[in-house]
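Working notes for the structure below.
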Amino acid sequence: MGFSTLVLAAGAGTRMHSKKPKVAHEILGKPLLRWVIDTAKAAGSDEVFTVLGHGRKSTIPLASDTTVVFQDQQLGTGHALMMAEDALVAAGVSTLVVLSGDTPLLRKETVQALVNQHLTQDAAVSLLTMCVDDPTGYGRIVRNHQQDFLNIVEHKDASTEELAINEVNSGVYCFDTANLFGILGKLQTNNKQGEYYLTDVAALTLAQGGRVVALCAQDASELAGINDRLQLSQASAQAQQRINTAHLLKGVSMTDPSNVWIGPDVELSSDVEVLPLTMLSGTTTVGCGTILGPMTRISNSTIGADCVIDESILIDVAVEDQVSVGPRAYLRPGTVMRTGSRAGTNVEIKNSDIGVDSKVPHLSYIGDAELGEGVNIGAGSITCNYDGADKHVTIIGSGSFVGSDTMLVAPVEIGEDVVTGAGSVITKNVPSGALALTRPEQVIRENWKRKRDEAHD
Ligand code: UD1
Ligand code: MG
């Protein structure tokens with residue numbers, strides 16, 4: 001098919017009333033701009049170009065896998081194309097799809113259909129339009145009595161008659177670049193916003209005898225442009241519904257899909273059950289038969305099969321099969337939970353490897369530690385991994401039993417089959433098979449309370 005894509009994302013998004021540029025705002029944990037770039041790639045673009053300008057510090061990282069063009073002053077969507085012309089010419093692009101960074105719900109199939117139509121109809125300009133109940137803010141599609149496309153009139157420039165038109169411009173285009181670059185120089189700023197409108201390219205092409213195809217999309221919902229936070233929340237709800245529906249139809253259970261939020265890049269196997277108030281984001285994958293939630297947040301993590309993750313937070317972790325997590329566990333980056341292991345109630349684990357069948361059942365902090373197989377960590381135990389300047393490692397050998405409330409002062413190494421006495425502060429390495437105990441002898445003073453009370457009388 002052979003096309004490249006240009007994503008327009010230089011605008012400030014003033015209607016968001018935000019310090020953050022509009023396209024850096026997120027839907028289901030993924031920035032708007034990433035939704036659009038990923039769609040452009042999935043649709044089969046040879047190359048993706050991105051026009052950035054406002055708030056580039058936060059937008060550049062989002063477009064790192066594209067060719068970035070800067071538009072220092074945002075003089076309109078037509079001006080954005082002018083700024084990209086050199087890069088597009090240098091790359092030899094002849095068919096160019098243009099997308100807005102603020103239209104995240106667009107599907108790849110829609111882009112492919114537009115390009116197909118554009119090429120088979122030998123059009124100079126193709127654009128997707130949509131019919132909406134409330135056209136406020138959108139450019140109106142003006143047609144003649146024969147329904148031929150004539151022009152796009154921006155909301156702010158529209159007459160009362162034109163304002164009543166409910167077929168609007170979606171901001172999704174396909175251009176023949178030879179025609180486009182010939183016309184960009186003719187764009188004027190004699191409109192209400194004093195901007196170079198990309199939309200004017202359509203009428204100018206017609207005036208030159210070029211072919212313009214304005215296709216009305218069946219499903220307007222995927223073309224919704226986000227200009228304010230109300231639209232952001234509406235698009236979020238729509239993305240949530242689209243994604244959850246797809247998972248439900250592929251064998252994932254959700255008792256209440258309206259209270260489950262799953263990012264677009266999350267992969268769930270069949271027989272996964274997602275309970276209410278659960279958010280899954282980033283590149284999370286979950287294996288067969290695992291139950292997530294209620295009230296669980298997982299991002300960028302790999303979860304195996306037949307696990308139970310209850311009321312917990314997992315960020316950048318790897319969980320193997322038959323692992324039990326929670327309620328209220330916090331697994332931080334670098335944590336690996338091996339098969340059959342457990343992180344229980346009010347447990348925090350960071351950058352640690354919890355071996356096969358090892359258990360950290362209650363009220364513990366495990367950081368920068370390596371646990372062998374079948375280790376048991378008693379309630380309230382802590383790896384004291386930080387000395388105020390550096391982080392240190394704790395190693396606990398297979399089969400060891402760490403008594404409740406043990407402080408393991410790192411760096412420290414516990415051998416295999418070690419037992420530590422409850423309440424011990426372990427500062428030195430312990431050889432395999434030993435008992436380690438740091439405990440002052442218990443003092444008993446018989447009848448102490450009665451004697452004290454008598455002394456006070
Ligand atoms: C634009 C269209 C309108 C269409 C609507 C669909 C124009 C003139 N109008 O209006 O017909 O109905 O999208 O959502 O194109 N941008 C730049 N540089 C600029 C200006 C904008 O890169 O100088 C980017 C923005 O970051 C945004 C996109 O272009 O991602 C569209 O800009 P926006 O200001 O949202 O245009 P709309 O008013 O929505
Ligand atoms: Mg917009």
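The values are calculated or read from the model by the stated rules, or taken from the named source; none is laboratory data. Predicted model only: the values in this text are computed from it and were never measured. Glycine also receives a Cβ, built like all others from the backbone with ideal geometry; neighbour counts cover every protein chain displayed. Areas reflect the complete protein model, heavy atoms only, side chains present, ligands, DNA and RNA absent. Shrake-Rupley method; radii C 1.70, N 1.55, O 1.52, S 1.80 Å.
Of all residues in the range 102-141, which are within 16 Å of ligand 2 (Cβ to nearest atom) and acidic (Asp, Glu)?
Of everything in the range 102-141, those that are within 16 Å of ligand 2 (Cβ to nearest atom) and acidic (Asp, Glu) turn out to be Asp102, Asp134.
Suppose we keep only residues that are small (Gly, Ala, Ser) and within 23 Å of the chain's Cα centre (by Cα) within the range 321-366. Which one would you say is nearest to Gly423 (Cα to Cα)?
Restricting attention to the range 321-366, the residues satisfying the condition of being small (Gly, Ala, Ser) are 324, 326, 329, 334, 340-341, 343-344, 352, 355, 358, 364.
Now restrict to residues that are within 23 Å of the chain's Cα centre (by Cα): 329, 334.
Working: Ala329: 22, Gly334: 28 Å.
Applying the filter and picking the extreme gives Ala329.
Those residues that are open to solvent by 60 Å² or more (accessible area, probe 1.4 Å) and either within 24 Å of Ser258 (Cα to Cα) or in contact (Cβ under 8 Å) with a residue 12 or more places away in the chain (or both), I need them from the range 217-232; list them, please.
Of the range 217-232, the ones open to solvent by 60 Å² or more (accessible area, probe 1.4 Å) are 218-219, 229-230.
Result: Asp219, Arg229, Leu230.
Going residue by residue through the range 91-101, is there one that turns out to be under 22 Å from Ser299 (Cβ atoms), of a type in the set (Val, Ile, Thr) and within 16 Å of ligand 2 (Cβ to nearest atom)? Break it down stepwise before answering.
The initial filter retains those residues of the range 91-101 that are under 22 Å from Ser299 (Cβ atoms), namely none.
No - not one qualifying residue is present in the range 91-101.
Quick one: what pairs do we get from the range 5-32, first residue at negative phi, second basic (Lys, Arg) and assigned to a strand (DSSP E or B), C-beta under 9 Å, 6+ apart or different chains?
none
I need the full set of residues from the range 62-107 which are more than 10 Å from ligand 1 (Cβ to nearest atom), under 23 Å from Gly182 (Cβ atoms) and in a strand (DSSP E or B), in order please.
Thr67, Thr95, Leu96, Val97
One line per residue, one yes/no per condition, for (1) surrounded by fewer than 20 Cβ atoms within 10 Å (Cβ to Cβ); (2) on the phi > 0 side of the Ramachandran plot; (3) acidic (Asp, Glu):
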{"position": "Val317", "(1), (2), (3)": "no, no, no"}
{"position": "Gly326", "(1), (2), (3)": "no, yes, no"}
{"position": "Arg342", "(1), (2), (3)": "no, no, no"}
{"position": "Ile354", "(1), (2), (3)": "no, no, no"}
{"position": "Phe401", "(1), (2), (3)": "yes, no, no"}
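Is it the case that the range 84-96 has a residue that's of a type in the set (Gly, Ala, Ser), touching a strand residue (DSSP E or B) at 6+ places or on another chain (Cβ under 6 Å) and under 30 Å from Met279 (Cα atoms)? Working first, answer last.
The initial filter retains those residues of the range 84-96 that are of a type in the set (Gly, Ala, Ser), namely 84, 87, 90-92, 94.
Narrowing the set further to residues that are touching a strand residue (DSSP E or B) at 6+ places or on another chain (Cβ under 6 Å) leaves 84, 87.
From what's left, under 30 Å from Met279 (Cα atoms): none.
Scanning the range 84-96, I find no residue that is of a type in the set (Gly, Ala, Ser), touching a strand residue (DSSP E or B) at 6+ places or on another chain (Cβ under 6 Å) and under 30 Å from Met279 (Cα atoms), so the answer is no.
Taking only the range 218-235 into account, find how many residues are away from ligand 1 (no atom under 12 Å from the Cβ) and either aliphatic (A, V, I, L, M) or within 20 Å of Leu268 (Cα to Cα) (or both).
Counting residues in the range 218-235 that are away from ligand 1 (no atom under 12 Å from the Cβ) and either aliphatic (A, V, I, L, M) or within 20 Å of Leu268 (Cα to Cα) (or both) gives 2.
If we keep just the residues of the range 1-34 that are hydroxyl-bearing (Ser, Thr, Tyr) and surrounded by fewer than 17 Cβ atoms within 10 Å (Cβ to Cβ), which is farthest from ligand 1 (Cβ to nearest atom)? Step through it out loud before you land on a result.
Restricting attention to the range 1-34, the residues satisfying the condition of being hydroxyl-bearing (Ser, Thr, Tyr) are 4-5, 14, 18.
Filter once more, so that each one left must be surrounded by fewer than 17 Cβ atoms within 10 Å (Cβ to Cβ): 14, 18.
Details: Thr14: 9, Ser18: 13 Å.
Applying the filter and picking the extreme gives Ser18.
Only one of Ile37, Ile60 is surrounded by fewer than 17 Cβ atoms within 10 Å (Cβ to Cβ) and within 21 Å of the chain's Cα centre (by Cα); which?
Details: Ile37 fails: surrounded by fewer than 17 Cβ atoms within 10 Å (Cβ to Cβ).
Going through Ile37, Ile60 in turn, just one is surrounded by fewer than 17 Cβ atoms within 10 Å (Cβ to Cβ) and within 21 Å of the chain's Cα centre (by Cα): Ile60.
Can you tell me how many residues in the range 42-64 are farther than 18 Å from Ala87 by Cα and in contact with a strand residue (DSSP E or B) (Cβ under 8 Å, 6 or more places away or on another chain)? Write out each step before concluding.
Pass one, the range 42-64, residues farther than 18 Å from Ala87 by Cα: 42-44, 54-59, 61-62.
Add one more test, that the residue is in contact with a strand residue (DSSP E or B) (Cβ under 8 Å, 6 or more places away or on another chain), and what stays is 43, 56, 59, 62.
Within the range 42-64, residues that are farther than 18 Å from Ala87 by Cα and in contact with a strand residue (DSSP E or B) (Cβ under 8 Å, 6 or more places away or on another chain) number 4.
Let's see how each residue does on (1) away from ligand 1 (no atom under 14 Å from the Cβ); (2) within 34 Å of the chain's Cα centre (by Cα); (3) not aromatic (Phe, Trp, Tyr):
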| residue | (1), (2), (3) |
| --- | --- |
| Asn151 | no, no, yes |
| Glu161 | yes, no, yes |
| Val168 | no, yes, yes |
| Val201 | no, no, yes |
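For the range 412-448: of the residues being among the charged types (D, E, K, R) and at pLDDT 95 or above, which is nearest to His392 (Cα to Cα)?
Quick first cut of the range 412-448, residues among the charged types (D, E, K, R) only: 413, 416-417, 428, 439, 441, 445-446.
Subset that is at pLDDT 95 or above: 413, 416-417, 428, 445-446.
Numbers: Glu413: 11, Glu416: 20, Asp417: 22, Lys428: 13, Arg445: 41, Glu446: 44 Å.
Within the range 412-448, the match that is nearest to His392 (Cα to Cα) is Glu413.
Among the numbered conditions (1) open to solvent by 40 Å² or more (accessible area, probe 1.4 Å); (2) out of contact with any helix residue (DSSP H, G or I) (no Cβ under 7 Å at 6 or more places or on another chain), tell me where Glu167 comes up short.
(1)
Residue check, Cys288 against (1) outside any loop (DSSP other than H, G, I, E, B); (2) surrounded by fewer than 19 Cβ atoms within 10 Å (Cβ to Cβ), all met but one. Which one?
(1)
I need every pair where a residue in the range 264-288 that is free of Cβ contacts under 8 Å to residues at least 24 places away in the same chain has its Cβ under 9 Å from the Cβ of a residue that is outside any loop (DSSP other than H, G, I, E, B) and of a type in the set (Asp, Glu), sequence separation at least 6 or different chains.
Thr283/Glu267; Thr284/Glu267; Thr285/Glu267; Val286/Glu267
Can you find, within the range 115-132, the residue that is surrounded by the fewest Cβ atoms within 10 Å (Cβ to Cβ) among those that are farther than 30 Å from Gly194 by Cβ and either within 15 Å of ligand 1 (Cβ to nearest atom) or in contact (Cβ under 8 Å) with a residue 60 or more places away in the chain (or both)? Before the answer, list the steps.
So in the range 115-132, the residues farther than 30 Å from Gly194 by Cβ come out as 115-122.
Checking the rest, the ones that are also either within 15 Å of ligand 1 (Cβ to nearest atom) or in contact (Cβ under 8 Å) with a residue 60 or more places away in the chain (or both) come to 115-119, 121-122.
Details: Val115: 22, Asn116: 13, Gln117: 15, His118: 26, Leu119: 16, Gln121: 13, Asp122: 9.
Top of the filtered list is Asp122.
Go through the range 172-196 residue by residue and tally those that are closer than 19 Å to Leu223 by Cα and either open to solvent by 10 Å² or more (accessible area, probe 1.4 Å) or modelled with pLDDT under 95 (or both). If you could, list the steps in order and put the result at the bottom.
Let us first name the residues in the range 172-196 that are closer than 19 Å to Leu223 by Cα, namely 172-175.
So of that shortlist, the ones also either open to solvent by 10 Å² or more (accessible area, probe 1.4 Å) or modelled with pLDDT under 95 (or both) come out as 173.
Number of matching residues: 1.
What's the number of the condition Gly137 fails, among (1) on the phi > 0 side of the Ramachandran plot; (2) within 9 Å of ligand 1 (Cβ to nearest atom); (3) modelled with pLDDT of 95 or more?
Going through the list (1) on the phi > 0 side of the Ramachandran plot; (2) within 9 Å of ligand 1 (Cβ to nearest atom); (3) modelled with pLDDT of 95 or more, Gly137 breaks only (3).
Among the numbered criteria (1) open to solvent by 40 Å² or more (accessible area, probe 1.4 Å); (2) in a loop (DSSP other than H, G, I, E, B), which one does Tyr330 miss?
If we test Tyr330 against (1) open to solvent by 40 Å² or more (accessible area, probe 1.4 Å); (2) in a loop (DSSP other than H, G, I, E, B), just (2) comes out false.
Considering (1) touching a Pro at 6+ places or on another chain (Cβ under 9 Å); (2) of a type in the set (D, E, K, R); (3) surrounded by 21 or more Cβ atoms within 10 Å (Cβ to Cβ), say which one Arg140 fails and leave the rest.
Answer for Arg140: the failing condition is (1).
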